[in-house]
Structures are given as structure tokens and as C-alpha cells.
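The structure appears below as C-alpha cells.
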2 protein chains.
Amino acid sequence: MSDEFTFFYWPGILGRGEFVRLVLEGAGVQYRDIGREEGMAAVVEGAGIGGTRTANAPFAPPYLRHGDTVVFQTANICAYLGLRLDLAPETEKDRHFALGVALTVEDFVREIHDTHHPIAVSKYYEDQKPEAMLRAEDFRSNRMPTFLQYFETLIETNPSQSEWLVGEELTYCDLSLFQVVEGLRYAFPNALLGLVGDIERTTELVERVRNHERIAAYLESDRRLPFNQDGIFRHYPELDI
Amino acid sequence: MSDEFTFFYWPGILGRGEFVRLVLEGAGVQYRDIGREEGMAAVVEGAGIGGTRTANAPFAPPYLRHGDTVVFQTANICAYLGLRLDLAPETEKDRHFALGVALTVEDFVREIHDTHHPIAVSKYYEDQKPEAMLRAEDFRSNRMPTFLQYFETLIETNPSQSEWLVGEELTYCDLSLFQVVEGLRYAFPNALLGLVGDIERTTELVERVRNHERIAAYLESDRRLPFNQDGIFRHYPELDI
């Protein structure tokens, strides 16, 4: 079926792909998950990565094929799916704003990643550990509270008083915030504990997402992988003092 | 006039704001540039940054107000304007792809920034210089060629053979690629020189943008600032050996 959602991401990690998977699962839609079904080589080949690039090649996974449309970059995919699967805001105005919010969640994710890889993605954590210690210190003291406070304020000032990030209903932005907070619980449990009093609305939003019927079923399924030390969110105790 | 484009960014630097400004200037549209007209405080106040956040507050500049719509995150703003100002691809399919490309340009910009600030945006370059040397080395050897080769291949494999990144005409993606290559010429002239034989299509695209009638007029105007050492693109010779 040519208009089936076909999703490509590395198997074995949650990573950026999980933000997309949460939208697909939250909508309860059928989709193909090529990395898990066919393995890493199929993900590489589908993108034309590594010298064999063809027209409309994404820069990197995750990416989505839907008919002859190729969508890449995590928040772009989530927005595309959200609009089609009733997980985007109702109004045009809110939709433009929502993409800004989702891209800010992604900025946060990128900074979380860079705490363990501040110098080079091509090197091991162990080869950039002193720099990671410095970067993580700044992350815990400055960046993490700045981002979390921003999302908390969005919930607080949402004109619809829905207790979601944007608009009146659950959107892909809320699913993404859920995933980031879950990731922080795994990677930076101590730092998060120190901030939890300032982000009560966020904590409640995360629980509402967790108890969403389809998300709850997904989280209990085999399809949901545990966090691990190969993904974006890694627990190195020395980075979370 | 309530549907005028009102643009907010820090005065004094090109930064991320310049990607938005190039779309406005390339379209030849009237716009307000609040940072330059009213100064930094008006940009802060407009965003509600720093404890006074109100509904629909962007995380950070640049942001755009258009009627009662607030758009933030650079590529999101460029896509919004591109669609309204005839600087986005014609087809839906290409539009989704174009946003992925623009977001990848932004990823590249972020990594360029992090060469001089690998540890903390809140600290001076001079206080993270050893780490910057390491990060810049990886950037020059791995990341810079990877990104540039990707954009080169997009031009090469564009099904319309237009010699633009996406679709048949100039889009906001091309304007963004222009700005990045100009920035690299300022910040990493040696590294760029070493790659120039592999990115001939990109170099030609950059020249076509430079000679675009409205862009050429803009580049010669007072409105175009020179690159300087406070922005994203900074020339530290020790990072460009």
C-alpha cells in the first residue's frame, strides 16, 4: 500500500527515532519500522547514505516515506504526522508555534547528547571525558533549568488552560516533552530531582502522557525499548553529580 | 498594519537572524526589524524573555510576528516566509523535503558555532580554547566535508536539474546555504579552500544567489552587516589550521 507510513531508524536504540514512534503509536496507526524489521543495512540503503545518494536523500535517520514524499529531521516528521493523525493543534497559528516548540525540544535533546560527546561524535565518550565533565556541569547548572523552565511556562501560560504545551489537546509536542523528561530521568536523575519543584506542570503532563491509553499500551509492549548506553540519553554517574 | 512582517533579532550581529533577513530581502518585501530599529531591549521584551514570559513566547530570537501568529526557530520562520513570499518549492512533497534540508543547514550552523563554544555558551571562547581546538579539528576533518558533500549531492541529484537544492526555482534553502558558505569563507577560509574542488555546484549556487538582483542590492546596502567576532561565524586562525 503506497500511502502506508514507512519509518526508518537505527534498530537497538531509542534515539531521535523514538520521538517519531511516539506519534505513530499515540495515533494508533499502522506503520512499518524498517530498522527493526530489516536491520540497519536497510536504513542506510533507504537513505542512500555513503556515496550512493540519490534524489531526495535525507541527511540522516530518522526519516519517513509516505507515498512519494520523503520527510526527514525529527520535528519535521513529527509535525507532518501530527497534522495527519490528529496530534497537531487545531489552528494554523498554533501549528506554526507548535513546530517552534518541537524544534526547541530538539535543541534540548542535542544539548543533552553533547554532554557526553562535546568534542566529536566520531570518538568514544571515554576519549572526551574531561570535556564532557565540563560541558555536563554547564548543562546541569544553566541549560537544563533554562529549557525545562521554558516548557513549564508554556504550559502555565497556554491561553486555552488545557495543561498541554500548545492548544487545547494533546499534540506531538507533548509526546516529545514526555520522551525528553523520561530520558533525563534515566541520564540525569540527580539533576532532575533538584529541579522537580520548579516543573510541577511538566511532571503532571508527563504522567498524563504515560497514562494515555495507546501510549500506556505501547510502553508495556515489546516495541518500546529500554534506555541504554548507546543512545542520546546515557547515564554516566560522573556527569550527574 | 497588522499583517506586516515584524522581525525580532539581536542588533549588531548576523547570527541566525540573517537567514530570515535573506528571505525577506530576497522577496523584496517590506518588514520591520525591531532589533535594529529599537534596540536589544525591545527584542527581549517582545519575547517575554527572563521571567516575564507570556503566552506564545518564543524560546529565543530570531522570531517573527505576523498578525497574531508568532513563529520562532530559524528554519521554521524561513519556511513560513518562503511559502508566503514565493521562495518555497511549488509542490507539497518538495516543501516537506525543503524543511528537512533547511533544518540540516541549521544543524551545520550549530556545529560551526560549537567549534568556538564546545563547553558552554555562557563562557568566553578564551575559557574553552583547548576544547575548541579539539572540536574544530574534528569539524574540519569530518563534519564540514560531510555536510558540504550532502548539499552538493542534493544539487547534483535534484530531479528538476535546476541547479538549486530543492525544486525548480530558488528557495529559502538556497539562501541559507549561501549564508553558511559565506560564513565559512570568513571563519574557516583554509578548510574551505581544501574542499572547494569537491563542491563546485555549491560554489556556483552561491554565486547565483550573490548575483540575484534583490540579494545583490541588499548585500551592497547598509542593512547587510559584515561578519564579526561576536556572531556564529568567527575567524580564529588557530581553529582553521
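The values are calculated or read from the model by the stated rules, or taken from the named source; none is laboratory data. Keep in mind that what you see is a predicted model, and the values were worked out from it rather than measured. All Cβ positions, glycine included, derive from the backbone under ideal geometry; neighbour counts span all protein chains shown. Heads up: the accessible areas ignore ligands, DNA and RNA and are worked out on the full protein's heavy atoms, side chains in. Shrake-Rupley method; radii C 1.70, N 1.55, O 1.52, S 1.80 Å.
Could you do me a favour and compute the accessible area per residue for the range B:42-113, 1.4 Å probe, result in Å²?
32
Label-to-label distances across copies for A:Thr91, with labels 7 Å out along Cα→Cβ, in nm, shortest first?
Reported distances to equivalent positions: 3.4 nm.
Please compute, for peptide A:125-132, the average count of beta-carbon atoms on other protein chains lying within 10 Å of each residue's beta-carbon.
Averaged over the peptide's residues, the number is 2.
With a ≥ b ≥ c taken as the square roots of the eigenvalues of the C-alpha gyration tensor of chain B, please select rounded if a/c is under 1.5 and otherwise prolate if a/b is larger than b/c or oblate if it is not?
Because a/c hits 1.5 or more and a/b fails to exceed b/c, chain B counts as oblate.
Relative contact order (percent) for chain A, with alpha-carbon contacts under 8 angstrom and 6 or more residues of separation?
Reported as a whole number, the value is 21 percent.
Mind checking the full-extension length gain between A:Tyr125 and A:Asn142? Use 0.36 nm per residue of separation minus the Cα-Cα distance, one decimal, nm.
So the extension gain works out to 3.9 nm.
Sort shortest first the distances from B:Glu38 to its counterpart in every other copy, using label points 7 Å along the Cα-to-beta-carbon line, and give them in nm.
5.4
For the pair A:Ser221/A:Glu169, report the inter-label distance in nm, with labels modelled 7 Å from Cα in the Cβ direction.
Taking the two extended label points, one gets 2.0 nm.
I need to check one value: relative contact order of the range A:92-212, counting alpha carbon pairs closer than 8 Å and at least 6 residues apart, in percent.
Once normalised by length, the contact order is 23 percent.
In Å², nearest 100, what accessible area do chains A and B bury in total when the solvent probe is 1.4 Å?
Summing both chains' loss of accessible area gives about 4200 Å².
Taking each label point as 7 Å beyond Cα in the direction of the beta carbon, state the distances from A:Arg223 to the same residue in the other copies, shortest first, in nm.
In nanometres, ordered from closest: 4.9.
What is the average number of partner chain Cβ atoms found within 10 Å of a Cβ in B:150-159?
Other-chain Cβ atoms within 10 Å of each residue's Cβ, averaged: 3.
Let's see if you can work this out: charge +1 on each Lys and Arg Cβ, -1 on each Asp and Glu Cβ, no other charges. What is the dipole magnitude of the range A:27-126 about its Cα centre, in debye to the nearest 20?
Charge dipole, the range A:27-126, about its Cα centre: 200 debye, nearest 20.
Can you tell me the order of A:172-184, B:82-94, A:99-111 when each peptide is scored by its average per-residue count of other Cβ atoms within 10 angstrom, highest first?
A:172-184, A:99-111, B:82-94
Using +1 on the beta carbon of Lys and Arg, -1 on that of Asp and Glu, and nothing else charged, what's the dipole of the range B:123-241 about the Cα centre, debye to 20?
Using only the charged Cβ atoms, the result is roughly 280 debye.
Magnitude of the Cβ-charge dipole of chain B, K/R +1 and D/E -1, about the Cα centre, nearest 20 debye?
The dipole of chain B has a size of about 520 debye.
Please give the length that would be gained between A:Asp198 and A:Glu90 if that part of the chain were fully extended, namely 0.36 nm times their separation in residues minus their C-alpha to C-alpha distance (nm, one decimal).
36.0 nm
Going toward the positive end of the dipole of the range A:92-212, with +1 on Lys and Arg Cβ and -1 on Asp and Glu Cβ, which of A:Ser162, A:Met133, A:Val180 do you reach last?
The listed residue farthest towards the positive side: A:Met133.
Could you work out what % of the accessible surface of chain B is carbon and sulfur, using a 1.4 angstrom probe and leaving DNA, RNA and ligands out of the count?
Reported share for carbon and sulfur atoms: 49 percent.
Quote the relative contact order of the range B:1-121 in percent (integer), defining contacts as alpha-carbon pairs under 8 Å separated by 6+ residues.
24
Going 7 Å from the Cα of B:Glu45 in the Cα-to-Cβ direction, what parts of the range B:1-36 have a backbone nitrogen less than 14 Å from that spot?
What the label zone holds, given the 14 Å backbone N cut-off, is B:34-36.
Report the Cα-based extents of the range B:92-212 along its three principal axes, largest first, to the nearest Å.
47, 30, 24
Within 10 Å of each Cβ of A:93-106, how many other protein chain Cβ atoms are there on average?
Going residue by residue through A:93-106 and averaging, the value is 6.
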